[in-house]
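Worksheet: one structure, shown below.
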Number of protein chains: 2
Amino acid sequence: MVQKADGMTYAPKGKAAQVVGPGQFRFAAMHLDHGHIYGMCNGLIEAGGELVAVYDSQPERVAAFLKTYPQATVVADERAILEDPTIRLIAAAAIPCDRGPLGCRAMEHGKDYFTDKTPFTTLEQLAQARAVLARTGRRYFVYFSERLHVECAVEAGRLIAAGAIGRPVQVLGLGPHRLGDPGKRPAWFFERAKYGGILCDIGSHQIEQFLAYTNNTTAKIQAAKVANYNCPQFPELEDFGDLTLIGANGATGYHRVDWLNPKGLATWGDGRTIILGTDGYIELRKYINVGTDTAGDHLFLVDHQGERHVELAGKIGFPFFGQLVRDSLDGTETAMTQAHIFMSAELCLEAQRVAVRVGE
Amino acid sequence: MVQKADGMTYAPKGKAAQVVGPGQFRFAAMHLDHGHIYGMCNGLIEAGGELVAVYDSQPERVAAFLKTYPQATVVADERAILEDPTIRLIAAAAIPCDRGPLGCRAMEHGKDYFTDKTPFTTLEQLAQARAVLARTGRRYFVYFSERLHVECAVEAGRLIAAGAIGRPVQVLGLGPHRLGDPGKRPAWFFERAKYGGILCDIGSHQIEQFLAYTNNTTAKIQAAKVANYNCPQFPELEDFGDLTLIGANGATGYHRVDWLNPKGLATWGDGRTIILGTDGYIELRKYINVGTDTAGDHLFLVDHQGERHVELAGKIGFPFFGQLVRDSLDGTETAMTQAHIFMSAELCLEAQRVAVRVGE
């Protein structure tokens, strides 16, 4: 399922590490608007979850989904899932502007929710989700795949927590993405109110990584920009965005995202993360080692002892999904805290709100 | 003379491409406070310049200089150089806060001036130099070595100008530097009023690259930060700084500099520049290909056709120096315009002025 030409269908498979037995964690998929739903389902299934049902308004999308997941029962209405008391969690990759309201419906029905990023497109949706979560006690999980579903990014988190680079003082993240054939993108991709803006959308990955790697619970957006440099035919598309933020503990971040990935790159984006510490730095070349190796998951660690380059594809796995399943069942916050998820969401919305438009 | 452990003594030698005959371009060196003076003299000599005299207040520095350049006559007072009508240009790497006033003295004496970066530490010095330059008609050249004296950086400029990546829309520059043994650094290195702050000092390279690669004549600083994360024993040192700026033509830049380079890196800094265009991008790994190759001058070009990695050490040369010599003799502005030099200086001073202090 890993399709390297197109980030929209990037759906890695990892080593299975089941954390539950049969029947213990039943989940359903719905709103298959973004291909990330495949990566989300893969992760939950590898953790021992059982994909029992699927709903989508478009029969052809359901048919395609069933080819990968024949075990799922097709239902004709999302209520059949919402009202099934045996289903613990709903995984969904709806149109971004619909993700927040859908999550609230799920939580109101006693389900935990696992949505593709970005989790919200407005601060009002976020406030509503915070309120529903507080009232229901359910969980609102987000698929921040660029950290959670990338093995070198997982390993970077472990190394930083172990002190490998001293105190982390800056995270620099580059998230170039391939636009590809616009005709193969859904209409909502080009509608600002539906996708939320580039910093809200693919920028949400970046801020989540900043908070996680620097161990910050909050931060302040210092500056942000957006532009449409190369797609005048899609006036509501932003093909470039960046932001810089200052964490409460003094570490800072700079993050750049774009839809300008040239056709000649062997994969959909040369995603990088550089984490600078007081005693070393880590560079991640997530999806390719450009000009050198088309395999992904390259981690470079430089400390006071030397330089190391390790290739991590297939070697680390994705502990997030098992942690999510256990968090859902046990009421713990091992995968990530709800506060971290909502702060990541809030900051990307805030960056989008204050962004200066450039490029004209 | 290339010493890879320490940026302060980075003094590349290039292919000789003489633009003048014997006796046509006599220059002198003075104020040898920064080791960059060696790179500056190498470049001028390779272009055909004759290094005829040297002045410094410290005899041991003069003695060391003469080991590399025995052709220079030692003079006991800088006036002997300033008042020698046969000397066309003065090259100097004074303490940063002294560079502007020295340049004004040189121009007042009818000499062109070639200073190590950063060219000024205050906006007042810049204003004074602008006034003296206007009055005397002389030139104030600056050794922005991180673009001018790095072969892959020279080639990047050629490729961008040839349209290799379409319209350049962002320059991202990382300038990590090794602090090394503080005991081997001069006292002024740790005194804020003398070195001017990290964005003024090593940040000046970065802004010059932004203006050059994006073909901007001016820009606006959007945000900047400085910190002292790791050197509390030197309270006036800034070991981290970053800035983001918006060019008049809509291209933007992000630039990060630091003194946090870990001891295990095989060279003094993993300098990078990534220039993003509408039809491709270029990554420069200037001094090392980390974890892979200790040689420098790696250029990666990705466009719609594919990915290329070229190793350029020894293959490009440094056309800047010959252009500078001809500009000095002919009154042209081929190497770079005076407006570009002063705008680079102004923007780094402005970034330093508005920088938010973080990290505590």
Original post:
Per-residue mean of other chain beta-carbon atoms within 10 angstrom of the beta-carbon, peptide A:220-232?
Top reply: 4
Original post:
When chain A is treated as a GNM, springs tying every alpha-carbon pair under 10 Å, which of A:Ala129, A:Ala28, A:Ala63 comes out with the largest mean-square fluctuation?
Top reply: A:Ala63
Subject >> Theoretical ellipticity at 222 nm over the protein assembly as shown - DSSP helices of four or more residues, -39500 (n - 2.57) apiece, nearest 500 >> reply: -9500 deg cm²/dmol
Original post:
Normalized C-alpha radius of gyration of the stretch A:15-55, against 2.2 N^0.38 Å?
Top reply: 1.15
Original post:
Between the DSSP loop rule and a limit of at most 12 other Cβ atoms within 10 Å, which GluC sites (Glu not before Pro) in the stretch A:22-117 are left?
Top reply: A:Glu83
Original post:
Using θ = phi - 60° and the Karplus curve 6.51 cos²θ - 1.76 cosθ + 1.60, what whole-Hz ³J(HN,Hα) does each residue of the stretch B:294-300 get, with Gly and Pro shown as x?
Top reply: 7, 6, x, 6, 9, 10, 10
Subject >> Size of charge dipole - the stretch B:260-348 - debye, nearest 20, with Cβ of Lys, Arg +1 and Asp, Glu -1, no other charges >> reply: 320 debye
**OP:** May I ask you to report, in nm to one decimal and beginning with the shortest, the distances from B:Arg79 to the same position in the other copies, taking label points 7 Å along Cα-to-Cβ?
**Re:** 9.9
**OP:** Determine the per residue accessible area of the stretch A:102-222 with all protein chains present and a 1.4 angstrom probe, expressed in square angstrom.
**Re:** 31 Å²
Original post:
Around A:Ile95, what is the net charge, scoring Lys/Arg as +1 and Asp/Glu as -1 over all other residues with Cβ under 15 Å from its Cβ?
Top reply: -1
**OP:** Quantify how strongly other chains surround peptide B:165-174 by giving the mean number of their Cβ atoms within 10 Å of each of its Cβ atoms.
**Re:** 4
Original post:
In whole angstrom, how far apart do the alpha carbon centroids of the stretch A:31-67 and the stretch B:13-34 sit?
Top reply: 69 Å
Original post:
Rounded, prolate or oblate: which one fits chain A, using the alpha carbon gyration tensor with axes a ≥ b ≥ c (rounded when a/c is under 1.5, else prolate when a/b beats b/c, else oblate)?
Top reply: rounded
Subject >> Carbon + sulfur, % of accessible area of the stretch B:198-278 - ligands and nucleic acids excluded, 1.4 Å >> reply: 52 percent
**OP:** Return the long-range amide H neighbours of B:Gly277 (sequence gap of 5 or more, or a different chain), with a cut-off of under 5 Å between placed amide H atoms.
**Re:** B:Val169, B:Ile282
Original post:
Can you list the residues, at least 5 places off or on another chain, whose amide H is less than 5 Å from the amide H of B:Tyr143, using H built in the peptide plane?
Top reply: B:Thr115, B:Asp116, B:Lys117
Subject >> For chain A, built as a Gaussian network whose Cα springs stay under 10 Å, the top-fluctuating residue of A:Asn228, A:Asn249, A:Asn215 >> reply: A:Asn249
Original post:
Span-like helices, chain A: DSSP H, alpha-carbon axial extent 18 Å or more, mean Kyte-Doolittle -1.0 or greater, which ones?
Top reply: A:96-108, A:123-136, A:338-354
Subject >> the stretch A:250-360: C-alpha pair distances exceeding 24 Å, % >> reply: 51 percent
Subject >> Highest-MSF residue in chain A out of A:Gly322, A:Gly175, A:Gly331 [GNM, Cα springs under 10 Å] >> reply: A:Gly331
Original post:
Using the Karplus equation 6.51 cos²θ - 1.76 cosθ + 1.60 (θ = phi - 60°), what ³J(HN,Hα) coupling, rounded to whole Hz, does each residue of the stretch A:307-317 give in order, writing x for Gly and Pro?
Top reply: 10, 10, 10, 10, 9, 10, 4, x, 10, 10, x
Subject >> Cα centroid of the stretch A:210-284 to Cα centroid of the stretch A:136-169, whole Å >> reply: 16 Å
Subject >> A/B buried area, accessible surface, summed, 1.4 Å probe, Å² >> reply: 4400 Å²
Subject >> Amide H partners (placed H, <5 Å) of A:Tyr229, local residues excluded >> reply: A:Asp239, A:Phe240
**OP:** Report the local net charge at B:Ile246: Lys and Arg +1, Asp and Glu -1, summed over other residues whose C-beta lies under 12 Å from its C-beta.
**Re:** +1
Original post:
Accessible area drop of at least 50 Å² (1.4 Å probe, protein heavy atoms): which residues of the stretch B:260-282 qualify, relative to the chain alone?
Top reply: B:Leu260, B:Pro262, B:Gly264, B:Leu276, B:Thr278, B:Tyr281
**OP:** Could you provide, to the nearest whole Å², the per residue accessible area of the stretch B:289-360 with probe 1.4 Å?
**Re:** 41 Å²
Original post:
Each residue of the stretch A:259-264 in turn: what ³J(HN,Hα) in whole Hz from Karplus with 6.51, -1.76, 1.60 and θ = phi - 60°, glycine and Pro shown as x?
Top reply: 10, 10, 4, x, 4, x
Subject >> Under 20 Å from B:Lys220, Cα to Cα: aspartates and glutamates that are on another chain or at least 8 residues apart >> reply: A:Asp242, A:Glu360, B:Glu124, B:Asp201, B:Glu208, B:Asp242, B:Glu346, B:Glu350
Subject >> Approximate spin-label separation B:Asp181-A:Val354, in nm, with each point projected 7 Å along Cα-to-Cβ >> reply: 4.4 nm
**OP:** Give the accessible surface of the stretch B:15-66 per residue, rounded to a whole number of Å², with probe radius 1.4 Å and ligands, DNA and RNA excluded.
**Re:** 35 Å²
Original post:
What number comes out for the charge environment of B:Glu78, summing +1 per Lys or Arg and -1 per Asp or Glu over other residues with Cβ under 12 Å away?
Top reply: -2
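The values are calculated or read from the model by the stated rules, or taken from the named source; none is laboratory data. These numbers were taken from a predicted model, which means no experiment stands behind them. Reconstructed Cβ throughout: ideal geometry from the backbone, glycine too, with neighbour counts over all protein chains shown. Surface accessibility is based on the protein's heavy atoms, side chains included, excluding ligands, DNA and RNA. Shrake-Rupley method; radii C 1.70, N 1.55, O 1.52, S 1.80 Å.
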